[in-house]
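Data block below; observations after.
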Amino acid sequence: SLKMGRTRTIGLVLPDITNPHFAGLAGAIERACEATGYVVLLCITSDDPAKELRYLQLLRTQRVDGLILVPGGADTDYVEAISKAIRVPTVLVDRRLDGLDADSIVLDNRTAGRVVVEYLIRSGHRRIGMVAGQARIPMANERVAGYREALEENGIAYDPSLVVWGEFHSEPARRAMFDLLHRRPRPTAIFSTNNHTTIGVMQALADQGFRVPADISVAAIDDFPWSTAFSPRLTTAIQPIEEMGRAAAERLLGRLSGTIAGAGETIVLKPRLAVRDSARPIEMA
């Protein structure tokens, strides 16, 4: 390693390994790196920017050759701190970060929000609640933008009181869902914006005695590996996690080998809508 100036290690910085989305992403990245002789060092930030910076500094002392990062912030101070902390080729995955010259592999979040809500509208729903993520994270706001676009393009006025914030975690999402259930008139359908959020949504509905989809429809972004084993099976916009993780690893490895050069690029991947059982036409509700 001293002779070659390389350690054959990659730092992978994720917000949450208990989330099936990030677990799947980590697996795809590790497989792609391991196939070329690289070892992945995993750090979990809990979406805490200060903790993230500490891990970046630690990985620098470990002399990793490159980084794959899911950024946990977005404001100017955060971008400046991240820029100073990163000293090796870096690829952002799942989330973009304006102001940082790095490759990014992301989902088309606006489209993901739009296709889910358009499906609910085609099913006759007009009063659609949304349990959003964290307002400080741009991709969460992109999903809100897709929700709003779908409504307005179909002649439905955007009602901000129907958007609540679940922080992309089950317990805050459960509390936010309770708030939505007290809106009058109550929404006939709910758009949930990631898999942990969906857990909180379903818990809140079960706690209040609502049946899905008999009493209220639910559609989401993100899939669970075991989602088709549950009843009702979840209607969702599926992220191409394997493709996303592989693309992030290949982009970073290309930077390290010198086969990819120049300014950072953004690669945007499309979601796929899976229509299952958790949402149904309003006339059947």
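The values are calculated or read from the model by the stated rules, or taken from the named source; none is laboratory data. Remember, predicted model here, so these are calculated numbers, not experimental data. Counting neighbours? That spans all protein chains shown, and the Cβs are built from the backbone with ideal geometry, glycine included. Just the protein is used for accessible areas: all its heavy atoms, side chains included, with ligands, DNA and RNA removed. Shrake-Rupley method; radii C 1.70, N 1.55, O 1.52, S 1.80 Å.
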| In a shell of Cβ-Cβ distance under 15 Å around residue 171, excluding residue 171 itself, what net charge do Lys and Arg (+1) and Asp and Glu (-1) give? | -3
| field | Inter-probe distance in nm under a simple model that places probes 7 Å from Cα toward Cβ, at residue 154 and residue 282 | value | 0.9
| request: Only Cα pairs under 8 Å and at least 6 apart count here; give the relative contact order of the chain as a rounded whole percent. | output: 21
| task | Please state the charge dipole magnitude for the range 1-114, taken about the Cα centre, from unit charges on C-beta atoms (+1 on K and R, -1 on D and E), reported in debye and rounded to the nearest 20. | result | 480
| message | Given Cβ point charges of +1 (Lys, Arg) and -1 (Asp, Glu) and nothing else, what value in debye, to the nearest 20, does the dipole of the chain about its Cα centre take? | response | 260
| For the chain, convex hull of alpha carbons as volume per residue, Å³ | 123
| Can you work out the base-10 log of I(q)/I(0) for the range 71-151 at q = 0.16, 0.19, 0.22 1/Å, using the Debye formula on its C-alpha atoms alone? | -0.66, -0.82, -0.97
| With the dipole of the chain worked out from charges on the C-beta (+1 for Lys and Arg, -1 for Asp and Glu) around the Cα centre, which of 109, 49, 36 lies farthest toward the positive end? | 36
| Mean Cβ neighbour count within 10 Å, used as a protection proxy, ranking 94-107, 77-90 highest first | 94-107, 77-90
| note | Ranked output for segments 259-267, 133-141, 162-170, 215-223 by mean other Cβ atoms within 10 Å, highest leading, reads 215-223, 162-170, 133-141, 259-267
| Which one of 146, 192, 129 has its Cα pushed farthest toward the positive end of the charge dipole of the range 81-207, where Lys and Arg give +1 and Asp and Glu give -1 at the Cβ? | 129
| Hey, rough spin-label estimate for residue 261 and residue 211, points 7 angstrom out along Cα→Cβ, what's it come to in nanometres? | 6.6
| query | Given 0.36 nm per residue, what is the gain on full extension from residue 42 to residue 6 after removing their alpha carbon distance, in nm? | reply | 11.1 nm
| request: Find the accessible area per residue for the range 215-285; the probe is 1.4 Å, ligands and nucleic acids are left out, and the unit is Å². | output: 48
| remark: Regression test value, accessible area per residue of the range 1-158, probe 1.4 Å, units Å², expected 43
| field | Protein accessible area in the chain, 1.4 Å probe - carbon and sulfur % | value | 51
